[in-house]
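Take a look at the structure below.
The values are calculated or read from the model by the stated rules, or taken from the named source; none is laboratory data. Everything numeric in this text was worked out from a predicted model, so none of it was measured. FYI the Cβ positions are ideal-geometry reconstructions off the backbone, even for glycines, and counts take in every protein chain you see.
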Amino acid sequence: MTLAAASPIGPAAHAPWPARLALRALRALRHGSLELQAPDGATLRFGHGEPRATLALLDWRACAATLRGGDIGFAESYIAGQWTTLDLAALLTLLARNRDALEALVYGRWWGALLHRARHRLNRNSRRGSRKNVHAHYDLGNAFYRLWLDPTLSYSSAWFDGDFAQPLADAQQAKMRRALQACALQPGQRLLEIGCGWGALAECAARDHAAQVTGITLSREQLAQAQQRLRDAGLGERTTLRLHDYRDIDDGPYDAVVSIEMFEAVGREYWPTFFATLRRTLRPGGRACIQSIVMRDDLFARYLRGTDFIQQYIFPGGLLPSAAAFRAQASAAGFAVHDELAFGADYAETLRRWRAAFLARDGALRELGFDTRFLRIWDFYLAYCEAAFEAGSTDVMQFTLTAPR
C-alpha cells in the first residue's frame, strides 16, 4: 500500500455521515500518530509522534460498521476487505493505546451491540455448551495448528524470562517448568491438568518430574494427538488423558493441579463451580498453578457489559477475568494466593511469532481447505491479541494457589 500525497480538499466534506463522525473521533488521538488514506485517495493525519500506523480505507462503509459494532464492526470490515494497512498489529496497538479517547470506535453504539450481546449469551458454558464451544475452536484439526505452532504444540503464552532471542519452544518449556515448580510437584505425586491440550505439559510432568498425570480435555482432536504423543514418548504408564468435563472430576484428591489458559473458557457464572472443583480435587495444603489471560482491572466492568471480536469469532462463550476478580474468586473458595507472575510482554512476543508463522503458511493452510475469509479472521485475531498485550489492555498471569489444610 502506498499512501498518496495529502489532498488539498479533505474527504470529510463529502463523505457519508458515519465516516465524518469516525474521522472526527480520530482527532482525539493522543498517543502516537495515524496516517489515513481515504477512498478518494486523499490523506489525513491524526495525532503526532510514535508509535506510527497507517490505515487505507477502501470503502466508506467500514466507518459505519465500526460506529455500529465497535471492534467487532472494525474487524468485520477488515475481513470483508474494506480497509488495509501496512502493519496490522501496529495499527491495532495504536488504537488500543488510545482506547479512552476512541471509546465510540472501540465499543460502538448500544443498539449495534444488542445482537452481539444476545449471541454471546447463547454460548453459555453449560456441559453441552462447553463441548460445543471447544469444538468450534480446538477441533479445526491438528494439522491446522501444527502448521504454525512451535514443535511443543503449546497454544498458550510462552515465558521468555527476559531472553526474547531464544527459540519459542524453549520458552514454552520454561513456562511449563515454572508452573510445575510452583506446585512443588514431587516424583510419584498425582497431578491433575485441567485442559491438557496436545499433551505438552503432561509429557513434561511425567518425564521431568516422574509424576502420575491425569489430564482432561473436551476436544477429541486434541485428546487423540496427546495420547499418541505420550505413547510415543514411552510415558503411557504415567499418564491418563481423557475426554472429561472439569465439573465431573471424582477421582481426587490430587497433590497438585495445573491449568494453562483454560480458565478463560469457564464463563463468569461458572467461576464458583471451577474453584469449588479445585477445592474438592486438591489435597489439603496442596498447590494449584492457574495460568490465565486477565483484563486490566479498570477496564473489567466495561468489558463485562459488552462483547468483543474474540467472543464473537474466536472463543464463543469465553470471558476473561481481571486479576482482582480472579483473586476474589479464589479467596471466596478458601484458597490463599501464594505467588503471582505477570508476563504480558511475553504473550505479545509469542503472538508475533505465531502470526508470522501463520502468514508464512498461507499456501499450506489453503490446501487444508481454509478460505480467504477464514484466514483474514485469524490474521486479525492474532494481531488483535498481540496489540492488547502490547498496549497493556490485557495481561497473562500465573497464579499459584494453596488449598486450606
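Points to keep in mind about this one:
- Pairs with Cβ under 6 Å, 6+ apart, first in region 4-29 and within 14 Å of residue 66 (Cβ to Cβ) and assigned by TED's automatic domain parsing to the domain that holds residue 102, second assigned to a helix (DSSP H, G or I) and modelled with pLDDT of 90 or more: 18/63; 18/64; 19/63; 22/63
The rows are residues; the columns are (1) closer than 30 Å to residue 82 by Cβ; (2) at pLDDT below 95.
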| residue | (1), (2) |
| --- | --- |
| 296 | yes, no |
| 313 | yes, yes |
| 326 | no, no |
| 344 | no, no |
| 352 | yes, no |
| 363 | yes, no |
| 366 | yes, no |
| 372 | yes, no |
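- Total residues in region 360-405, condition more than 28 Å from residue 323 (Cβ to Cβ), touching an Asp or Glu at 6+ places or on another chain (Cβ under 8 Å) and of a type outside the set (A, V, I, L, M, F, W, C): 0
- Screening region 64-174 for helices (runs of 4 or more DSSP H) wholly inside it with 1 or more residues that are touching a His at 6+ places or on another chain (Cβ under 9 Å) and modelled with pLDDT of 85 or more returns the ranges 71-79, 88-97.
- Residue in region 289-309 that is at positive phi and surrounded by fewer than 23 Cβ atoms within 10 Å (Cβ to Cβ) present: no
- Residue match in region 260-274 (condition: under 21 Å from residue 204 (Cβ atoms), in the same structural domain as residue 184 (by TED's automatic domain parsing), in contact (Cβ under 8 Å) with a residue 24 or more places away in the chain and among the hydroxyl-bearing types (Ser, Thr, Tyr)): no
- Residues that are free of Cβ contacts under 8 Å to residues at least 12 places away in the same chain and not polar (S, T, N, Q), drawn from region 305-355: 305, 328
- Evaluation of residue 281 against (1) closer than 23 Å to residue 65 by Cα; (2) modelled with pLDDT of 95 or more (one fails), failing number: (1)
- Scanning region 329-345 for residues that are closer than 29 Å to residue 103 by Cβ, in the same structural domain as residue 260 (by TED's automatic domain parsing), among the charged types (D, E, K, R) and more than 12 Å from the chain's Cα centre (by Cα) turns up nothing.
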